[in-house]
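J.: Can you read through this structure? Questions will come right after.
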Amino acid sequence: MSALLKVRDLRVRYPVDVGITSMLNRNRRSYVDVVHGVSLDIERGETLAVVGESGSGKTTLAMALCGLVPIMDGDVRFDGEVLPRNKDGNLQIDRRRVALMFQDPVGSLSPRMTVRKLLGEPFRIHAGLSDDPDRSALELLSMVGLSSDFANRYPHQLSGGQARRVGLARALAQKPDLLIADEPTAGLDVSIQGEVLNLLSDLQQELGLGIMIITHNLNIVRHVAEQMAIMYLGRFVEQGLSELVFRHPRHPYTAALLAANPSTNPDAVPERIDLTGEVPSLLQRPVGCEFNNRCLRAQAECREKFPAREILNGKHVWNCFHPLPGESL
Amino acid sequence: MGKPVLDISDLTVSYHTERGHLRALRNINMQIEPGRIIGIVGESGCGKSTLISAIIRLLAPNALVEEGSVLFKERDLLGLEPEAMRGLRGDEISMVFQDPMTSLNPVRTIGQQMTDIQYRDDRPKAEKLARAARMLDRVGIAGPTEQLGRYPHHLSGGMRQRVAIAMALMTEPALLIADEPTTALDATLEVQIIHRLQKLQRDFGCAILFVSHHLGVIAELCDDVVVMYAGEIVESGATRDVFLEPKHPYTRKLLECDPARIEKASRNLPVIAGTLPDLADLPDGCIFRPRCDVSIDNCAHERPTLDGGDHCSACHVAVP
């Protein structure tokens, strides 16, 4: 069976106009490669977590997959079919089958619409989804665990967690096959975070959704995602089964990231990996491996060329010349 | 122990809204000793931001301080003239915000911004710039002199936040307030910032009030921790005591909910059942009772007070 979403070597590049000279000199425009050759697979009923810091390209990746920003290159198949691109280069994906849950829960809801109207909107746009948008809106509301009292509230009357639920309900209105959730728990407290993640898991089981979850919270990845990918400056430097990546990180960045995660046990003596150097700017992408200036294992070749991907059993992939030792097979 | 830098007593703040009087902070008592790092944890809406705004007197226009005092070096900030308050802000009390991209001016260079904030000093510009460069060096920014000519968008997120910290510490404040300063960063940079803050705190000797809902960061950075729930302090004490032996049921549940503490991967994460109480219509007795699983009869009638010496909690059931 083919994967629900199969992405090969996706690239997104934004033009940067630096000052007046570049405006006058059109053919010398500079670019930033925000997504720089990303490949991934998402199966039905499975969750992929994309982890990386702000600015690593996670949100751009999500937007590109939803056809909201043009892509430069790449092969994207959804349910076995190659997705065409429109004249601007945006992927033309069936919006009824792929839903996006935006990062800012309140900002993505129109402040002048009640929850009832917000939830009825998808049904009004995609005629044929429901005969009675109002009733379907209330059904959605109960699906995400909110009582019908909420139907008449405006977004500013919702808490962060409630707004997230409404965002999720809206995303699920058209019964999508794939849900892309951009930081669904950012700014939420641990308890409400748990509620939102449990809800996602339950709905995934019920509807067989494929989910791509974007986060920089490592603590939740282990619990919600079978697969994970670590993004650094627009590339996936390591990806694979979450269990494997957590147990035996191979890329030095992943290892540092996992070791850095602060523990709530005040007595814990963390074995940190002290990174030096700054995160390079996308405007001046380093030659070779992008992590070389912060990496403790970097050698001469790391500064010359980008390492090819290494694949272990098809379940664990990394790009590194000098990976950390893994499990003995 | 010296005199506290900041001594908040019985602070009660409410907001006037359409739905009535929202009592956002009730009877807050806390002290910060010089040179300590205090963490404030609590869910959104628990009053963390209101508390900070009350300290630096930047409350929204519809907020009203009903009672209480905020003593900073024995002066009540709540009674200060606006002019005098402005003199303290950015000089003796400074602040680092969550998002450095929005707290730095995008159209001025780092050097310009760092000299701007030295407007109180009557010194030549070259000296101010040199001072800015020294400060950048102390927060671990390589090539500080070159960085002064750059704009915020040239810097990475971690660097921007360190610039913000450098700016906050430049006036050698007695109190630094940090509001979720590491939320936008990845774990490697988060740890870097925490360690940098710890070191700077030792060098400058200032007290730090650190607000976060990342329990791990608090555990690693802070000497003491204050746990807030729905506008009240429910527990406070040394970080080690509070995290290892929480007294208040809310603290205990909060720690249980932290996915980092759950060793085995689980699709069913623990949550605290129930919702936050309505601040416009507070329940009688203990504020946490509707969500508490160990409550007794008394909890419904009598509001518990914060007791217990160095490690105190506001709970009728908790062992003192």
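J.: Looking at the range A:265-278, can you tell me whether even one residue there is touching a residue at least 60 places away in the same chain (Cβ under 8 Å), of a type in the set (D, E, K, R), surrounded by 15 or more Cβ atoms within 10 Å (Cβ to Cβ) and assigned to a loop (DSSP other than H, G, I, E, B)?
T.: No.
J.: Quick check, is B:THR182 within 13 Å of another protein chain (Cβ to nearest Cβ), of a type in the set (S, T, N, Q), assigned to a loop (DSSP other than H, G, I, E, B) and over 30 Å from B:ARG303 (Cβ atoms)?
T.: Yes; evaluated as a whole, the condition is true for this residue.
J.: Let me ask you something else. Which one of these is under 24 Å from B:ARG162 (Cα atoms), within 13 Å of another protein chain (Cβ to nearest Cβ), buried (at least 23 other Cβ atoms within 10 Å of the Cβ) and of a type in the set (Gly, Ala, Ser): B:ALA230, B:ALA187?
T.: One residue alone meets the criteria, B:ALA187.
J.: I would also like to ask the following. Return the total of residues in the range B:139-158 being assigned to a helix (DSSP H, G or I), modelled with pLDDT under 90 and either more than 10 Å from chain A (Cβ to nearest Cβ) or over 19 Å from A:ARG285 (Cβ atoms) (or both).
T.: Residues flagged as assigned to a helix (DSSP H, G or I), modelled with pLDDT under 90 and either more than 10 Å from chain A (Cβ to nearest Cβ) or over 19 Å from A:ARG285 (Cβ atoms) (or both) within the range B:139-158 amount to 0.
J.: Just checking, how many residues over the range B:247-281 are surrounded by 21 or more Cβ atoms within 10 Å (Cβ to Cβ), in a loop (DSSP other than H, G, I, E, B) and more than 11 Å from chain A (Cβ to nearest Cβ)?
T.: The number of residues fulfilling the criteria is 3.
J.: Which residue is nearest to B:SER14 (Cα to Cα), if the candidates are limited to the range B:282-320 and must be out of contact with any Pro (no Cβ under 7 Å at 6 or more places or on another chain) and without any contact (Cβ under 8 Å) to a residue 12 or more places away in the chain?
T.: B:THR305
A quick yes/no check of all residues on (1) within 11 Å of chain B (Cβ to nearest Cβ); (2) polar (S, T, N, Q); (3) buried (at least 24 other Cβ atoms within 10 Å of the Cβ):
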{"position": "A:ALA151", "(1), (2), (3)": "no, no, no"}
{"position": "A:TYR154", "(1), (2), (3)": "no, no, no"}
{"position": "A:LEU158", "(1), (2), (3)": "no, no, no"}
{"position": "A:ARG164", "(1), (2), (3)": "no, no, yes"}
{"position": "A:PRO176", "(1), (2), (3)": "no, no, no"}
{"position": "A:PRO184", "(1), (2), (3)": "no, no, yes"}
{"position": "A:GLY194", "(1), (2), (3)": "yes, no, yes"}
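J.: Then there is this: Could you figure out which of (1) crowded, with 22+ Cβ neighbours inside 10 Å; (2) modelled with pLDDT of 85 or more; (3) within 30 Å of B:THR182 (Cα to Cα) isn't true of A:PRO105?
T.: Here A:PRO105 meets the rest and fails (2).
J.: Here's something else I'd like to know. Out of curiosity, is A:ALA49 modelled with pLDDT of 95 or more, under 30 Å from A:GLU278 (Cα atoms) and among the aliphatic types (A, V, I, L, M)?
T.: yes
J.: Quick test for you: out of B:PRO61, B:PRO34, pick the one residue that is away from chain A (no Cβ under 14 Å), at pLDDT below 95 and more than 17 Å from the chain's Cα centre (by Cα).
T.: B:PRO61
J.: Another question about this same structure. Give the residues of the range B:219-263 that are in contact with a His (Cβ under 7 Å, 6 or more places away or on another chain) and of a type in the set (Gly, Ala, Ser), sorted by residue number.
T.: Residues satisfying the conditions are B:GLY237, B:ALA238.
J.: Considering only the range B:282-320, state which residues are closer than 25 Å to B:THR239 by Cα, part of a helix (DSSP H, G or I) and out of contact with any Cys (no Cβ under 8 Å at 6 or more places or on another chain).
T.: B:ARG291
J.: B:ALA184 passes all but one of (1) aliphatic (A, V, I, L, M); (2) touching a residue at least 40 places away in the same chain (Cβ under 8 Å); (3) under 19 Å from B:SER94 (Cα atoms); which number fails?
T.: (3)
J.: Among the residues of the range A:207-229, how many are more than 10 Å from chain B (Cβ to nearest Cβ) and of a type outside the set (Ser, Thr, Tyr)?
T.: 11
J.: Within the set of pairs 6+ apart or on separate chains, which have a first residue in the range B:226-253 that is touching a residue at least 24 places away in the same chain (Cβ under 8 Å), a second that is in a loop (DSSP other than H, G, I, E, B) and basic (Lys, Arg), and C-beta atoms under 7 Å apart?
T.: Filtered contacts from the range B:226-253: B:GLU235/B:LYS247.
J.: Among the strands (runs of 3 or more DSSP E) confined wholly to the range B:1-93, which include 3 or more residues that are β-branched (Val, Ile, Thr)?
T.: B:6-17, B:37-41
J.: Same structure again: What's the total number of residues in the range B:195-216 that are under 18 Å from B:MET95 (Cα atoms) and facing chain A (nearest Cβ under 7 Å)?
T.: 1
J.: Can I ask one more? Among the residues of the range A:57-84, write down those that are in a strand (DSSP E or B) and crowded, with 16+ Cβ neighbours inside 10 Å.
T.: A:GLY74, A:VAL76, A:ARG77, A:PHE78
J.: Specify which of the listed residues (A:LEU168, A:LEU218, A:LEU209, A:LEU199) is within 30 Å of A:ALA308 (Cβ to Cβ), in contact (Cβ under 8 Å) with a residue 40 or more places away in the chain and of a type outside the set (Val, Ile, Thr).
T.: Unique residue meeting the criteria: A:LEU218.
The values are calculated or read from the model by the stated rules, or taken from the named source; none is laboratory data. Computed from a prediction, not measured in an experiment: that's the story for all the values here. As a convention, Cβ positions derive from the backbone with ideal geometry for all residues, glycine included, and neighbour counts pool all protein chains shown.
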